[in-house]
Amino acid sequence: MHLLNRYKETITDGPGLRYSIYLAGCAHRCPGCHNTASWNPSAGVPLDEEVLSDLIEEINSNPLLDGITISGGDPFYNPDELATLLRRLKEATHLPILVYTGFTIEVLESVARYQQALAYIDFLIDGPFVYALRDPSLQFRGSSNQRLIDLGQRYHR
């Protein structure tokens, strides 16, 4: 898994003040994607233990943060590594986690290799970006087919 970018404070990647982590790798390749650099799974730097420890330290040093956002690419490009990352973030920060994905929740719940990560996600924005359905007025989403789903209603943590 590679870290493409991080934003220590943002209000555009979910509700409140968030720490956003952008991961590399995406097979959806949505036409009109705003982050085509994220498609390459080797872009950025390897998300090794040192980098992850630095991220956690930065997150924990900011008491103003309302949550963490994981975007990309598609974080589910590497589902096993995503589950490990989410578990570490949740255990170390105790902040709510929002994840963007081009998959729908129905697909994620029906494919075993995706399910482990869902246990650590509080909110999911699902569905591919569809250029014909783009709507700049939508909060935190690029197209009207994408849904903001509260996974706390589905999973007990």
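The values are calculated or read from the model by the stated rules, or taken from the named source; none is laboratory data. Please read all numbers here as calculations on a predicted model, not as lab measurements. Heads up, the Cβs are rebuilt from the backbone with ideal geometry, glycines too, and the neighbour counts pull from every protein chain shown. Ligands, DNA and RNA are excluded from the accessible area calculation, which covers all protein heavy atoms including side chains. Shrake-Rupley method; radii C 1.70, N 1.55, O 1.52, S 1.80 Å.
Expressed as a whole percent, the accessible area of the chain that falls on carbon and sulfur atoms is 53 (1.4 Å probe). Diagonalising the gyration tensor over the Cα atoms of the chain and scaling each eigenvalue by 5 before taking the square root yields semi-axes of 22, 17, 17 Å, largest first. Simple rule: put +1 on each Lys or Arg Cβ and -1 on each Asp or Glu Cβ in segment 1-151, find the dipole, and look at Thr104, Phe76, Asn5; the Cα lying farthest toward the positive end is Thr104. Spatial offset of segment 22-82 relative to segment 2-17 amounts to 10 Å, using the alpha carbon center of each. Taking the charge dipole of segment 10-114 about its Cα centre, with +1 at Lys and Arg Cβ atoms and -1 at Asp and Glu Cβ atoms, the residue from Pro15, Gly67, Pro46 reaching farthest to the positive side is Pro15. From the square roots a ≥ b ≥ c of the eigenvalues of the alpha-carbon gyration tensor of segment 74-130, which class results: rounded (a/c under 1.5), prolate (a/b over b/c), or oblate? Note, shape of segment 74-130 comes out prolate. Anisotropy class assigned to segment 22-73 is oblate, per the alpha carbon gyration tensor with a/c at or over the 1.5 cut-off and a/b no larger than b/c.
Couplings 3J(HN,Hα) for segment 87-103, derived from phi with the Karplus relation 6.51 cos²θ - 1.76 cosθ + 1.60 (θ = phi - 60°), are 4, 4, 5, 5, 5, 8, 10, 6, 8, x, 10, 10, 10, 8, 8, x, 7 Hz, where x marks Gly and Pro. Once the Cα-Cα distance is subtracted from the 0.36 nm per residue extended length, the Ser61 to Val130 segment shows a gain of 21.1 nm.
The dipole here belongs to the chain: it is taken about the Cα centre, uses +1 on the Cβ of Lys and Arg and -1 on the Cβ of Asp and Glu, and is about 400 debye. Remark: segment 70-130 carries a charge dipole of roughly 180 debye about the Cα centre, counting +1 on each Lys and Arg Cβ and -1 on each Asp and Glu Cβ.
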